[in-house]
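Here's the structure, in structure tokens; my notes come after.
The values are calculated or read from the model by the stated rules, or taken from the named source; none is laboratory data. Note that the coordinates shown come from a computational prediction; the quantities given were computed from them, not determined experimentally. Quick reminder, even Gly has a Cβ in these numbers, built from the backbone with ideal geometry, and neighbours come from all protein chains shown. Areas reflect the complete protein model, heavy atoms only, side chains present, ligands, DNA and RNA absent. Shrake-Rupley method; radii C 1.70, N 1.55, O 1.52, S 1.80 Å.
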Number of protein chains: 2
Amino acid sequence: MAHPMRRVAVLGSTGSVGTQTLDVIRAFPDKFDVVALSAGKNLGLLAQQIDEFNPEYVLCEDSEALKSLPGRDCGSLEEMATLPEVDVVMVSTVGSAGLLPTVRALEAGKSVALANKEVLIMAGEQVMDASRRFNNQILPVDSEPSAIWQCMLGERDAVRKLIITASGGAFRDRSPTELGNVTPEEALNHPTWSMGRKITIDSATLVNKAFEVIEAHWLFDMPYDKIDVVIHRQSIVHSMIETADGIVKAHLGSPDMRYPIQYALSHPQRVFNPGLKPFDPVETGSLTFEAMDPQLYPCFELAIDVGRRPGTWGAALMGADEAAVEMFLENRIKFTEIPDVIRAVVDQHTPKDSTNLPNLDEVIQTARWASDTARATVVGSSN
Amino acid sequence: MAHPMRRVAVLGSTGSVGTQTLDVIRAFPDKFDVVALSAGKNLGLLAQQIDEFNPEYVLCEDSEALKSLPGRDCGSLEEMATLPEVDVVMVSTVGSAGLLPTVRALEAGKSVALANKEVLIMAGEQVMDASRRFNNQILPVDSEPSAIWQCMLGERDAVRKLIITASGGAFRDRSPTELGNVTPEEALNHPTWSMGRKITIDSATLVNKAFEVIEAHWLFDMPYDKIDVVIHRQSIVHSMIETADGIVKAHLGSPDMRYPIQYALSHPQRVFNPGLKPFDPVETGSLTFEAMDPQLYPCFELAIDVGRRPGTWGAALMGADEAAVEMFLENRIKFTEIPDVIRAVVDQHTPKDSTNLPNLDEVIQTARWASDTARATVVGSSN
């Protein structure tokens, strides 16, 4: 008999998606049970979360601090993701951290709610392969793939095209020449969404949107030429599908990550959360859709071009972008140098063997190499 | 074995929906076969249609003219709707004409593509009862219920509310006081849709929208307090659903009746029609949603109030509105007198017995009585 509660492990519980996941779970004490929590460095918040949700297992980066926290140390994220007491693993880590836990969780028969989209950029084929072989579902958490997933209900064989919406990020109204002098503070001021720092910068460059295209390619088994991106400033339409007969189904809602998080956790049910107001079209302003200007977003085409290549290219892209964004936030490179850094790293990447799928360690090593190379490139150039 | 072609009878083939139905069928000669055509007075067009589609059975109002047309006379619309050679009956007649054919077709095991929404206004309970008892589907043809039907795919148990969009009709930008002097020509100039004359006037009064609310109530078994109407000037979003968790799914497409007609005919498949361009969100302008101003549309609340009552009230409403619209088009009453005429008729209606469902003859008689009474009311008042 299935457990009456859905038992959840939250990997990355103190980040933006992690805290919002716990906010959703808080609203449904009879539906969800937090079995395990892991965090990075934010020990204060983790301690509060442990106090409130009383998980059996905990994990954080600081092994000394971990000893003082209540709850059992489960050794590693992979072990947390494969605990027999867990039904759903919320992977809300960032960068490479989610890759091994995602694959191991799928292999261990868990559903994976995947917010850490870099996992699919690095190893989309391997992850989807694990999902298929072990017949476990990846539940999209990002608002755009979640919207597509929801629009595809009842339409699996009738989808002709995916249309991913993009707010355009913080600099959608700048000219390409103005972008050279923008500051990290300006870039972090996203017009519609409140998110983590890395993803907010990736939204300004549209790398995040390229990642979503790649993510949708893997999640929905859709060829790249059937995935469009349109600028939609209001972030109300979270994405759309075009059907075989030429109509469009759109998913509308407030720009609040708790909706897609909740859907991933409650799927296939939809449940009413008194803390989440139903969307009212009359209260929203005009909705607009525009073509994307590739000149304003040079990273987009670059990221798609590299990210769709097989083997370790996606990992190289991910690692290079991660380091480039960090260096921009550290004021070490200009906003307009982000694509230059990515390109410099990619130009140096020589994948070992393109006929076999790289194993996950090779993928993670490539991401680390790319990140290190990006930093070395900048140190080199500033001498 | 099922017949390889879907065999269609088109009732009302020379009207707006009828001709567009044949336009869709023309695009799929290997999918649909026209078995029967019926028209009213437009013999010239009917003869052309017979020549092109070569139906086995034909029908028109003029029995003498019918003799000269190729194809077998099938006696009545009910007989046409129950022909053993027919799989789907497209009921694109207007007013009372579609009621008996719809019910008889359902009883005879046919699917009914229903454009003649008055059928559900007059006898929603009886029609849905026939659909359930004989397990035959009513396929919505009107763009709004079709959009809801399509949005509900995969969401049957998760729908919290239906949101029907209304263009607002020809006079959405007039003040209530300006409406007294509008002409039939102005009222027939619909801002977004090209439709028949009766439905275009019903769009200007929003009686058509009230009819759609009642239609949706019956088709989707949804309580009236869970059906909203919002003004959406662009007629791109054809309707929406709100789900249990507070997101909205919307159906977007060009305002062209051939899309919903085709979907009704091809359901559950979606098929590509080279004559129907896929909808492109980038090519559309801003999309807006506004609350409806009840002062501008006094007919709306009146029609909902009367149309939702059981028994013969819906038929009285339908007959009164039909006559009122005709008299407005004949310049015999003002646009603003349409609700007065409907109200006068409704005030005189005394249903026989509210405990039993009226039979279909009583329903049709009530509609005729209401139409006659509406005309008598106007003749009386102009003396």
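Applying both filters, DSSP loop and at most 13 other Cβ atoms within 10 Å, to the GluC sites (Glu not before Pro) of the stretch A:1-107 gives A:E61, A:E85.
A straight Cα-to-Cα reach below 29 Å connects A:K334 with the lysines A:K41, A:K117, A:K198, A:K209, residues fewer than 8 places away in its own chain not being considered. Counting from the shortest, the label point at A:Y224, 7 Å from Cα toward Cβ, is 5.6 nm from the same position in each remaining copy. For the chain pair A and B, the interface hides roughly 3300 square angstrom of accessible area in total, found with a 1.4 Å probe. Counted over chain A, the DSSP beta bridges are approximately 30% antiparallel. Modelled this way, with points 7 Å down the Cα-to-C-beta line, the labels at A:R133 and A:A291 are 4.4 nm from one another. Shortest first, B:N359 label-point distances to identical copies amount to 8.2 nm, with the label point at 7 Å from Cα along Cα→Cβ.
Since only B:S371, B:W313, B:V112 are under comparison, the one whose Cα sits farthest along the positive direction of the charge dipole of chain B, derived from C-beta charges on Lys, Arg, Asp and Glu, is B:V112. Computed from the Cβ-Cβ distance with R0 of 25 Å, the FRET efficiency linking A:R332 to A:D23 stands at 0.15.
Taken as Cα centroids, the stretch B:323-352 and the stretch A:1-69 sit 66 Å apart, rounded to the nearest whole angstrom. Over the residues of the protein assembly as shown, the helix contribution to mean residue ellipticity at 222 nm works out to -13000 deg cm²/dmol, using -39500 (n - 2.57) for each DSSP H run of at least 4. Split the accessible area of the stretch A:6-141 by element, probe 1.4 Å, and carbon with sulfur accounts for 46%. Charged side chains reduced to their Cβ positions (Lys and Arg at +1, Asp and Glu at -1) give chain A a dipole of some 400 debye around its Cα centre.
Across peptide B:263-270, the average count of Cβ atoms from other chains found within 10 Å of a residue's Cβ is 3.
Provide the FRET efficiency to the nearest 0.05 for the A:S194-A:T350 pair, computing r from the beta carbons and using R0 = 41 Å. Once the sixth-power term is evaluated, E becomes 0.55.
Taking 20 °C and 1.002 mPa s as conditions, the stretch B:6-141 diffuses translationally at an estimated 148 µm²/s according to Stokes-Einstein applied to its Kirkwood radius (Cα pairs). Using a ≥ b ≥ c from the Cα gyration tensor of the stretch B:309-383 (square roots of the eigenvalues), is it rounded, prolate or oblate, where a/c under 1.5 gives rounded and otherwise the larger of a/b and b/c decides, a/b for prolate? Prolate shape, in that a/c is at least 1.5 and a/b is the bigger ratio. Could you work out the relative contact order of the stretch B:87-180? I mean the mean sequence separation of Cα pairs under 8 Å and 6+ apart, divided by the number of residues, in percent. Value for the stretch B:87-180: 22 percent. For the stretch B:6-141, the share of DSSP beta bridges that are antiparallel, to the nearest 5, is 0%. From the Cα gyration tensor of the stretch A:217-316, with a ≥ b ≥ c the square roots of its eigenvalues, which class applies: rounded if a/c is under 1.5, or else prolate if a/b is larger than b/c, or else oblate? Judged from the Cα gyration tensor, the stretch A:217-316 comes out prolate (a/c at least 1.5, a/b above b/c). Computed with a 1.4 Å probe over protein heavy atoms only, the accessible surface of the stretch A:6-141 comes to 38 Å² per residue. Roughly what % antiparallel, to the nearest 5, for the DSSP beta bridges in the protein assembly as shown? So the antiparallel bridges amount to about 35 percent of the total. Each Lys and Arg adds +1 at its Cβ and each Asp and Glu adds -1 at its Cβ; summed about the Cα centre, the protein assembly as shown shows a dipole of about 440 debye.
Placing a label point 7 Å from Cα along the Cα-to-Cβ axis, A:P84 is separated from the same position in the other copies by 6.5 nm, shortest listed first. Of the trypsin sites (Lys or Arg not before Pro) in the stretch B:141-243, which ones lie in a loop per DSSP and count no more than 10 other C-beta atoms within 10 Å? Of the trypsin sites (Lys or Arg not before Pro), the ones in loops of the stretch B:141-243 whose Cβ has at most 10 other Cβ atoms within 10 Å are B:R156.
Over chain B, Cα pairs under 8 Å with separation of 6+ residues give a relative contact order of 15 percent. Using the Cα centre of the protein assembly as shown as origin and beta-carbon charges of +1 (Lys, Arg) and -1 (Asp, Glu), tell me which of A:M80, B:N181, A:G285 is placed farthest towards the positive end of the dipole. Working it through, the farthest residue towards the positive pole turns out to be A:M80.
With the convex hull of the Cα atoms taken as the outline of the protein assembly as shown, the averaged projected area works out to 38.6 nm². Each Lys and Arg contributes +1 and each Asp and Glu -1, all at the Cβ; summed about the Cα centre of the stretch A:6-141, the dipole is approximately 320 debye. Only one residue of A:A65, B:P101, B:M152 has its Cα farthest out toward the positive end of the dipole of the protein assembly as shown, where Lys and Arg carry +1 and Asp and Glu -1 on Cβ, and that residue is B:P101. In terms of its C-alpha gyration tensor, chain B has a rounded overall shape, because the principal axis ratio a/c (a ≥ b ≥ c, square roots of the eigenvalues) stays below 1.5.
Once C-alpha pairs closer than 8 Å and six or more residues apart are averaged by separation and normalised to the residue number of the stretch B:6-141, the relative contact order reads 22 percent.
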